[in-house]
Amino acid sequence: MDDPPQLTREQARRIAVRAQLLDLPRPTDLLAVVRRLTVLQHDQTAAVAPHADLVLWSRLGAAYSHDDLEHALARQDLLELDGMLRPAEDLALFRADMSAWPGTGEVPDWRRATADWVEANTACRLDLLERLRGDGPLTSRQLPDSCVVPWRSSGWNDDRNVVRLLDLMEVRGEVAVVGREGRDRLWDLAERVHPDDAVVPADEADRTRRERRLAALGLARERAAQTPGEPDDVGPTGVEVRVEGVRGRWRADADLLAAVDRPFEGRTALLSPLDRLVMDRKRMRELFEFDYQLEMYKPAAQRRWGYFALPVLHGDRLVGKVDATSDHTAGVLHVDAVHEDEPFDEATAQGVREELASLARFLRLQLPDPA
């Protein structure tokens, strides 16, 4: 058997950057961007701006408006599933798993216990369905809690019976998020929200999701540690490759691998801390040799880069972090620090200044003159 192709780290990084639409030319269509990325985390943390806005702005630039996202959600071109925004047509790739929940074959004990909790609260589940059928969409605050067995956790979800039950009814395919009322999700019957597309068989759906995930990442491990939200592994799809200076074998998207020697035109981008380019911290360290953590959960005195520091991409390198905060009351985008992993050259420094000015315009905030 022939040895798999070997990529330099630079080639590997450029595959990853191209896959995430962070090179030039910029994309111009919001739905095309989400279809390529496959998923957009709907995190509401807004120290700078909500994650979905940061991801779309960093790809589309001045062409993006938050209203565009709101319109896509209102038209149900994008749907929310388990806290992630996905193209509506992709819901067909999850319907078989929904019908089979809590799963087939050997089901983990924790998931079986969760299914037992749902079963114990069947009367409450039916109450919620009936209320949504007559009065939906509604938030969890507007729905009755008639659970006979309370949800118990390590503390985060204690006494949130209705919220937890709705989450599980969502993965069962019974209810769906149809919008937001402030930070609260608006729930309705899934049959009113999900497209009436043919259900894709589970094995085919899993294979398709992995193929699309690899196209979105460009380069990924066949197996990776399980993380909340979208997985980081892609299974035996794509083309097996090695990366110079990095142990183990990787999988590369075939089309992006074929274009690896095409001229690369990079740019400067400010990324959300939850951006898919950096979300797999192990892959980030291996390919980009970048030191970064999201520090919002750390005490202020222990932070190196800031509460919600934005990683800085320049070309195919992650080169620093920007500690910024949106102050909508004062109408100002505060830039508390620009951390340079190595001293920026003039092109990098100018790129960061231009992106900060663009971010301020997008947020309709003023960027104070440097002291």
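State the number of residues belonging to region 322-371 that are part of a loop (DSSP other than H, G, I, E, B) and of a type outside the set (Asp, Glu). Selection size over region 322-371: 12. Across region 101-134, the number of residues qualifying as out of contact with any helix residue (DSSP H, G or I) (no Cβ under 7 Å at 6 or more places or on another chain) and farther than 30 Å from Glu70 by Cα comes to 19. Please go through region 320-356 and pick out each residue that is open to solvent by less than 30 Å² (accessible area, probe 1.4 Å) and out of contact with any strand residue (DSSP E or B) (no Cβ under 7 Å at 6 or more places or on another chain). Within region 320-356, just Ala349 meets the criteria.
With respect to the conditions (1) within 21 Å of the chain's Cα centre (by Cα); (2) farther than 30 Å from Asp253 by Cβ; (3) among the hydroxyl-bearing types (Ser, Thr, Tyr), Thr208 falls short on a single one, namely (2).
Restricting Ala74, Ala47 to residues that are aliphatic (A, V, I, L, M) and loosely packed, with under 15 Cβ neighbours inside 10 Å narrows the list to Ala74.
Would you check which residues across region 307-321 are assigned to a strand (DSSP E or B) and in contact (Cβ under 8 Å) with a residue 60 or more places away in the chain and list them? Passing the criteria: Leu310, Leu313, Arg317.
If only residues of region 105-121 that are in a loop (DSSP other than H, G, I, E, B) and without any contact (Cβ under 8 Å) to a residue 40 or more places away in the chain are counted, the one that is surrounded by the fewest Cβ atoms within 10 Å (Cβ to Cβ) is Gly105. Count, please, the residues in region 2-20 that happen to be assigned to a loop (DSSP other than H, G, I, E, B) and surrounded by fewer than 21 Cβ atoms within 10 Å (Cβ to Cβ). Qualifying residue count, region 2-20: 5. For Tyr64, the conditions (1) open to solvent by less than 50 Å² (accessible area, probe 1.4 Å); (2) under 16 Å from Glu170 (Cβ atoms); (3) under 20 Å from the mean Cα position of the chain (by Cα) all hold with the exception of (2). Outside any helix (DSSP H, G or I), over 12 Å from the mean Cα position of the chain (by Cα) and in contact (Cβ under 8 Å) with a residue 40 or more places away in the chain: is that true of Leu85 in this structure? Answer is no for this residue.
For the structure I just gave you, tell me whether Val33 is within 25 Å of His328 (Cα to Cα) and open to solvent by less than 40 Å² (accessible area, probe 1.4 Å). In short, no.
Yes/no matrix, rows are residues, columns are (1) free of Cβ contacts under 8 Å to residues at least 24 places away in the same chain; (2) closer than 28 Å to His42 by Cα:
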{"position": "Arg209", "(1), (2)": "no, yes"}
{"position": "Ala220", "(1), (2)": "no, yes"}
{"position": "Gln226", "(1), (2)": "yes, yes"}
{"position": "Val234", "(1), (2)": "no, yes"}
{"position": "Val243", "(1), (2)": "no, no"}
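None of Arg180, Arg213 is under 20 Å from the mean Cα position of the chain (by Cα), surrounded by 19 or more Cβ atoms within 10 Å (Cβ to Cβ) and within 30 Å of Asp67 (Cα to Cα) except Arg213.
The values are calculated or read from the model by the stated rules, or taken from the named source; none is laboratory data. Since this is a predicted model, take the numbers as computed values, not measurements. Positions of Cβ are generated from backbone atoms using ideal geometry, with glycine treated the same way; all protein chains shown enter the neighbour counts. Accessible surface areas use protein heavy atoms only, side chains included; no ligands, DNA or RNA. Shrake-Rupley method; radii C 1.70, N 1.55, O 1.52, S 1.80 Å.
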